[in-house]
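Undergrad: Structure provided below as structure tokens; questions to follow.
The values are calculated or read from the model by the stated rules, or taken from the named source; none is laboratory data. Predicted model only: the values in this text are computed from it and were never measured. As a convention, Cβ positions derive from the backbone with ideal geometry for all residues, glycine included, and neighbour counts pool all protein chains shown. We work out accessible area using only protein heavy atoms, side chains counted, and drop any ligands, DNA or RNA first. Shrake-Rupley method; radii C 1.70, N 1.55, O 1.52, S 1.80 Å.
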Amino acid sequence: MDLLEYYDSRKNILDIERSTLFLLAEELQRFKQEKKLKDFNDLIEDFLLKETLNKFEVLFIDEAQDLSLLQWEMVRKIWSRANKTYIAGDDDQAIFKWAGADVDHFIALKEEVNDIKILDQSYRIPGGPIHELSQNIINKVQNRFDKQYKPREEQGLLKRYSDITQVNMSQGNWLVLSSANYFLDDAKDLCEIQGWYYQYKGMNSVSLKLLLALNNWEHWRKGELLNHLEIKNIYEYLGSNVLVGFQKGKTLHSDGKYTLKECQEQHGLATSAVWYESFEGLDPMTETYIRNMRANGEQINKNPRIKMSTIHAAKGGEADNVLLMQDLTGAALETFSHDPDELHRLFYTGATRAKRELHVLDPKNFDRAYIL
């Protein structure tokens, strides 16, 4: 689709002037030509111009609901050279329209394929209220391939909250989902106050390097032996508690293990105090947060059991417990006014990440929310 045609089709909800977008596109094209660079779409267009292609016995196309029009052209060209083609996808989880995905094309394939097989048994979604809610959401979609989707026999739990402070995430694994990253700020604050270890946008709330250093330090103080890499990692956080000339651990041998006392006597270590007295440079909030996590028995040497993400980024993910926020950005709200299917599919995808319990949090503003 032509860029400006796409802009016009979005009814001016994009946060950029039409003329500015045109000039940026022209400048990008000039830059690529001058530097002899190609982007991913350019590579696909080059492929479409090829006259000769490999032949295939079998072609598998997965996540087909997320293909753009240009990618469909590429797929169809490969498809024409395959003896047998399998296309897998779920139109109910087509949540990348904003990135160019064309789910209508995928749905229309039912008119031209030889056989359709519906995988109608979920191995994630529990029966009862979670399944009922998810079906209520997805049945609002206007353009949809009609299908029945059976849940597991186990019954799930659906819980609702008016305030995030009511949510108890002290046990089990959790996936906290929202339509935009900044809606997750309150959940991050709650975890830090309560001493719950979490991951946000793929980053742990406290770096694994630091947590390994303090864990190893406490084991070292109890008499365990550490190797040179573990000790070097600890030294990075001890600051003036390691004598000048020893901070890099150059006197340590790679094939040896050392007691704390040995390092005090021979390798510049000048403390044996508990970690929050020995580690320098930790701000009070981080120190308090770590102490609370340790007091709670959080397994801080492993991946966090609470993960926070946008619904888009969590597609394909799952957890026993899912906390789903209903807040919407202004752009999403405007999209909903003329294309509600996009948000129905988004919140269906969010609700169906739960394996046991779905926790739904009231929005801060009910006029700017997707109400479940």
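Undergrad: Can you name every residue in the stretch 209-239 that is in a helix (DSSP H, G or I), of a type in the set (A, V, I, L, M) and loosely packed, with under 15 Cβ neighbours inside 10 Å?
TA: Leu229
Undergrad: Within the stretch 123-145, identify whether any single residue is in contact with an Asp or Glu (Cβ under 6 Å, 6 or more places away or on another chain), among the aromatic types (Phe, Trp, Tyr) and modelled with pLDDT under 95, and answer yes or no.
TA: yes
Undergrad: Search the stretch 50-70 for residues that are under 13 Å from Ser80 (Cα atoms) and pair each with any residue that is open to solvent by 90 Å² or more (accessible area, probe 1.4 Å) and of a type in the set (Lys, Arg) when their beta-carbon atoms are under 9 Å apart and the residues are at least 6 apart or on different chains.
TA: Filtered contacts from the stretch 50-70: Phe56/Lys84; Glu57/Lys84; Val58/Lys84; Leu59/Lys84.
Undergrad: Select from the stretch 156-168 the residues that are part of a loop (DSSP other than H, G, I, E, B) and either under 23 Å from the mean Cα position of the chain (by Cα) or of a type in the set (Asp, Glu) (or both) and write down the one among them that is surrounded by the fewest Cβ atoms within 10 Å (Cβ to Cβ). Outline the logic, then answer.
TA: Filtering the stretch 156-168 down to residues part of a loop (DSSP other than H, G, I, E, B) leaves 156, 162-163, 167-168.
Still in the running and either under 23 Å from the mean Cα position of the chain (by Cα) or of a type in the set (Asp, Glu) (or both): 163, 167-168.
Details: Asp163: 11, Val167: 18, Asn168: 13.
The qualifying residue surrounded by the fewest Cβ atoms within 10 Å (Cβ to Cβ) is Asp163.
Undergrad: Suppose we filter the stretch 145-155 for residues that are within 26 Å of the chain's Cα centre (by Cα) and assigned to a loop (DSSP other than H, G, I, E, B); how many remain?
TA: So the count comes out to 1.
Undergrad: Further, regarding this structure: Starting from the stretch 286-299, keep only residues that are under 8 Å from Gly195 (Cβ atoms), then list their pairs with residues that are in a helix (DSSP H, G or I) whose Cβ atoms are within a distance under 6 Å, requiring at least 6 positions of separation or different chains.
TA: Tyr289/Glu192
Undergrad: OK, next. Consider Ala270 carefully, then state whether it is of a type in the set (Gly, Ala, Ser), surrounded by 19 or more Cβ atoms within 10 Å (Cβ to Cβ) and modelled with pLDDT of 95 or more.
TA: Working: of a type in the set (Gly, Ala, Ser): yes; surrounded by 19 or more Cβ atoms within 10 Å (Cβ to Cβ): no; modelled with pLDDT of 95 or more: yes.
Spelling it out, it is not the case that Ala270 is of a type in the set (Gly, Ala, Ser), surrounded by 19 or more Cβ atoms within 10 Å (Cβ to Cβ) and modelled with pLDDT of 95 or more.
Undergrad: Somewhere in the stretch 355-369, is a residue free of Cβ contacts under 8 Å to residues at least 40 places away in the same chain and of a type in the set (Lys, Arg)?
TA: Our first condition is that a residue be free of Cβ contacts under 8 Å to residues at least 40 places away in the same chain; within the stretch 355-369, this holds for 363-367.
Restricting the remaining residues to those that are of a type in the set (Lys, Arg) gives 364.
Yes, because at least one residue in the stretch 355-369 is free of Cβ contacts under 8 Å to residues at least 40 places away in the same chain and of a type in the set (Lys, Arg).
Undergrad: Out of the residues in the stretch 39-75 meeting the condition of being open to solvent by less than 90 Å² (accessible area, probe 1.4 Å) and of a type in the set (Val, Ile, Thr), tell me which one is nearest to Leu346 (Cα to Cα).
TA: Here the answer is Ile61.
Undergrad: When the stretch 244-267 is examined, which residues are found to be part of a loop (DSSP other than H, G, I, E, B), surrounded by fewer than 18 Cβ atoms within 10 Å (Cβ to Cβ) and touching a Ser or Thr at 6+ places or on another chain (Cβ under 9 Å)?
TA: Hit for the stretch 244-267 is Gly245, nothing else.
Undergrad: In the stretch 277-294, how many residues are in a helix (DSSP H, G or I) and surrounded by 13 or more Cβ atoms within 10 Å (Cβ to Cβ)?
TA: Selection size over the stretch 277-294: 10.
Undergrad: What's the total number of residues in the stretch 295-308 that are surrounded by 14 or more Cβ atoms within 10 Å (Cβ to Cβ), within 12 Å of Val206 (Cα to Cα) and touching a helix residue (DSSP H, G or I) at 6+ places or on another chain (Cβ under 6 Å)?
TA: Number of matching residues: 1.
Undergrad: Can you tell me which residue in the stretch 77-101 is most open to solvent (accessible area, probe 1.4 Å), limited to those that are modelled with pLDDT under 90 and not hydrophobic (A, V, I, L, M, F, W, C)?
TA: Lys97
Undergrad: In the set Gln135, Gln199, Gln194, Gln171, which member is in contact (Cβ under 8 Å) with a residue 12 or more places away in the chain, open to solvent by 70 Å² or more (accessible area, probe 1.4 Å) and polar (S, T, N, Q)?
TA: Only one candidate qualifies: Gln194.
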